[in-house]
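The values are calculated or read from the model by the stated rules, or taken from the named source; none is laboratory data. All values derive from a computational prediction rather than experimental measurement. Here the Cβ positions follow ideal geometry from the backbone for every residue, glycine too, while neighbour counts run over all protein chains shown. In case anyone asks, the SASA skips ligands and DNA or RNA and just uses the protein heavy atoms, side chains included. Shrake-Rupley method; radii C 1.70, N 1.55, O 1.52, S 1.80 Å.
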Amino acid sequence: MIGAQAFLNSSFTSGKHGSFLSQAQIQLLNEIGETILPQTDTPGAKAADVGRFMSVIVADCYTPEEQGVFLKGLAKIQQAAENQYGKSFLMLTNEERENFLNRIDREHIDYMKNRKQGEQPHYFRMFKELTLSGYFTSEPGATQFLKYNPAPGRYDGCTEEKPWH
């Protein structure tokens, strides 16, 4: 196991927080992550289970204020999808998801440009950062996308050591 996957399989997932997010919220985050980093010829964010990664990180590493921003952001995603499309985010087509999240990303960029000192980051920034961290430290992200090689080059165990001059 590498990185995030080993972390997720550790005692942290059954620690003091139990499961911070519901299975439905984790599924939603996996689908948001998959829209950000979709499967191509390599696995996407859903294959790395970024939703579960986010649940652990938000529970164990975020302040209560940041957790509030994150949870409100999840609710905003669902409500905005309902308002715009008349259905939940999970029921949107891939094209609708992409257009929808691109609009939220533009809002996020504007918010971050105008954010005042001490204000919390935009929830979508959290989603994007955690998607990237969870994916690239996961086994599928590290081994199939980044093409991790545990022993690059070659190993010559029996070589003659020459003195340095």
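General remarks:
- With the Kirkwood sum run over all distinct C-alpha pairs, the stretch 17-85 has a hydrodynamic radius of 12.7 Å.
- Rolling a 1.4 Å probe over the protein chains gives D60 an accessible area of about 60 Å².
- Accessible area of the stretch 56-129 belonging to carbon and sulfur atoms, whole % at 1.4 Å probe: 47
- Going by accessible surface with a 1.4 Å probe and the largest first, I36, I26 read I36, I26.
- Per residue accessible area of the stretch 77-116, 1.4 Å probe, in Å²: 66
- Solvent accessible area, Å² - K87, 1.4 Å probe, full protein context: 60
- Net charge dipole, the stretch 56-115: roughly 140 debye, given to the nearest 20, about the Cα centre with Cβ charges of +1 for Lys and Arg and -1 for Asp and Glu.
- Ratio of the Cα radius of gyration of the stretch 73-120 to 2.2 N^0.38 Å, where N counts its residues: 1.31
- Using a Förster distance of 25 Å, the FRET efficiency for N94-E129 (Cβ separation, nearest 0.05): 0.65
- Accessible heavy-atom area order of R106, R154, highest first, probe of 1.4 Å: R154, R106
- With R₀ fixed at 30 Å, the C-beta to C-beta distance from R106 to S22 puts the FRET efficiency at about 0.55.
- Net charge of the neighbourhood of L29, taken over other residues with C-beta under 11 Å away and scored Lys/Arg +1, Asp/Glu -1, is -1.
- For the stretch 30-165, the average shadow cast by the Cα convex hull is 13.9 nm², which is a quarter of the hull's surface.
- Of T131, T40, the residue with the largest accessible area leads and the full order is T40, T131 (1.4 Å probe).
- Percent RCO, i.e. relative contact order, over the stretch 21-165, from Cα pairs under 8 Å lying at least 6 residues apart: 31
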